[in-house]
Amino acid sequence: MLVVPRRRRLLAAATLTALMLITGCSGAKPAGARGGDDTAMATMAPMTPTPTAWPSASTAPESLLPGMPPPLDAHDLYAADRPNLLSDAVRNDLPRIYVPNNRGSSVSVIDPATFTVIQTVKVAVSPEHVVPSWDLRTLWVNSDRGNTLTPIDPVTGRFGRAVPVNDPYNLYFSPDGKWAIVMSEAAHQIVFRDAHTMAVHKTVPVSCEGVNHVDFSRDGRYFIASCEYSGDLIKVDTAKEQVIGQLHLTAPHPMPQDVKISPDGRTWYVADMHTSGIWILNGDAFTQPRFLATGAGAHGLYVSRDSKYLYITNRGEGSISLLNFATGKLVAKWRIPGGSPDMGGLSADGTVMWMSGRYDGVVYAIDTRDGHLIRKIAVGAEPHGLLVWPQPGRYSLGHTGIMR
């Protein structure tokens with residue numbers, strides 16, 4: 001099968017020509033995408049004190065995907081992600097920031113204690129994200145145009161031999177830990193693979209363009225994926241491994257990006273880079289969502305360690321918006337003058353947000369207590385989906401650390 005490279009396909013898509021200046025994961029920096037009204041800064045509640053142990057798991061509902069660990073708290077999917085609540089599996093892992101340099105075909109490794117790059121490792125062309133495996137024992141570098149996954153040992157930080165995998169733009173894991181789920185964007189496929197060997201189990205074709213970001217329902221029975229170039233969302237049955245719904249976002253030129261479910265599992269949020277905000281929907285009903293403007297080039301979505309706030313990176317204007325889950329209101333906007341915050345994650349204690357500066361060749365370290373920029377660290381060309389490691393949580397659903 002002939003797979004058209006991501007960037008050639010973008011250039012060939014005439015209907016998307018007008019969108020190229022702000023395309024979700026390609027090259028040129030958006031022009032004129034600065035400014036926007038700041039949301040007034042609210043008084044931020046302090047982070048929840050570090051627990052000494054996980055609370056007892058909630059009784060598993062009969063509806064849970066078989067084999068999926070039950071949630072620790074029936075009202076909070078992120079209860080296992082509290083500050084410094086590291087599992088035994090990761091306690092001896094090296095504290096590192098792994099930064100895939102998309103155009104540099106390398107991974108920069110940052111020591112978060114010193115804010116310095118300590119290593120740069122060449123990998124296959126076009127590394128997109130660094131993804132923790134379900135069991136937290138392997139970190140995978142996704143090189144979509146290089147058609148490989150490169151493993152990293154998180155205990156030693158050593159890079160292993162690349163595994164051949166076709167078009168792995170993004171990587172997720174089923175909540176039961178059985179399957180790796182590869183978002184083969186250019187191939188128009190979602191591919192279920194063995195979570196350890198990466199052998200193909202089932203290939204699911206999709207009719208939308210640019211399938212790439214995902215999150216899972218509270219019970220693990222389905223996931224919702226964004227299709228960046230056609231402006232669609234698709235709903236996939238996890239157990240049946242088939243598409244069960246598709247809807248087109250009602251905007252002139254929607255460009256959905258990251259997907260995130262609320263702590264109570266009732267609400268879904270989808271960043272839209274072209275419409276410059278987030279779509280808010282009921283995943284169970286899977287009907288047309290409502291829109292909330294956040295800032296130019298809305299791209300990445302991250303949950304605070306106390307489950308109170310959703311961080312929204314507005315790549316086009318160099319800002320990060322904060323949404324209060326309880327009220328559904330935007331309560332703050334943090335500015336990075338001249339910046340392009342893209343994707344990343346939080347430190348284990350939740351006090352530092354690490355974000356790639358996609359168009360600036362840097363990584364930002366941001367204080368989550370007041371939003372000030374702690375440091376800019378020079379890395380390679382077009383840093384993308386960086387991974388902060390280790391992170392709290394019992395298991396990983398993929399991407400740059402969707403932990404449960």
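The values are calculated or read from the model by the stated rules, or taken from the named source; none is laboratory data. The structure presented is a predicted model; accordingly, all values stated were derived computationally and were not measured. In this analysis, Cβ positions are derived from the backbone assuming ideal geometry, glycine residues included, and neighbour counts consider all displayed protein chains. With ligands, DNA and RNA removed, areas are computed over all heavy atoms of the protein, side chains included. Shrake-Rupley method; radii C 1.70, N 1.55, O 1.52, S 1.80 Å.
Between residue 155 and residue 290, what length comes free when the chain is fully extended (0.36 nm per residue of separation minus the Cα-Cα distance, one decimal in nm)? Kindly include the intermediate steps, with their values, before the conclusion.
Values: separation 135, 0.36 × 135 = 48.60 nm, distance 4.34 nm.
Contour length minus the Cα-Cα distance gives 44.3 nm.
Taking a cut-off of 19 Å between Cα atoms, list the aspartates and glutamates near residue 376, but don't count ones fewer than 8 places away on the same chain.
Cross-link targets: 111, 317, 342, 360, 367.
So for 301, 86, what's the accessible-area order with a 1.4 Å probe, most first?
Values: 301 0, 86 30 Å².
Solvent-accessible surface, decreasing: 86, 301.
Leaving ligands, DNA and RNA out of it, report the carbon-plus-sulfur percent of the accessible area of the stretch 315-364 at a 1.4 Å probe. Mind dumping the intermediate values first?
Details: 610 of 1070 Å².
Reported share for carbon and sulfur atoms: 57 percent.
Where does each of 229-240, 98-109, 186-197 land if you order them by average Cβ count within 10 Å, highest first? Provide the component values of the computation, followed by the final result.
On the way: 229-240: 19.9, 98-109: 23.6, 186-197: 18.2.
With the highest mean Cβ count within 10 Å placed first, the list reads 98-109, 229-240, 186-197.
If you roll a 1.4 angstrom probe over the protein chains with everything in place, what fraction of the accessible area of the stretch 221-265 belongs to carbon and sulfur, to the nearest %? Write down the numbers at each step before the final one.
On the way: 660 of 1330 Å².
Using a 1.4 Å probe with all protein chains present, the stretch 221-265 comes out at 50 percent carbon and sulfur.
With the cut-off at 19 Å, tell me which of the pairs 202/235; 178/240; 202/260 have Cα atoms farther apart than that. Mind showing how you got there, number by number?
Numbers: 202/235 17 Å; 178/240 13 Å; 202/260 25 Å.
Exceeds cut-off: 202/260.
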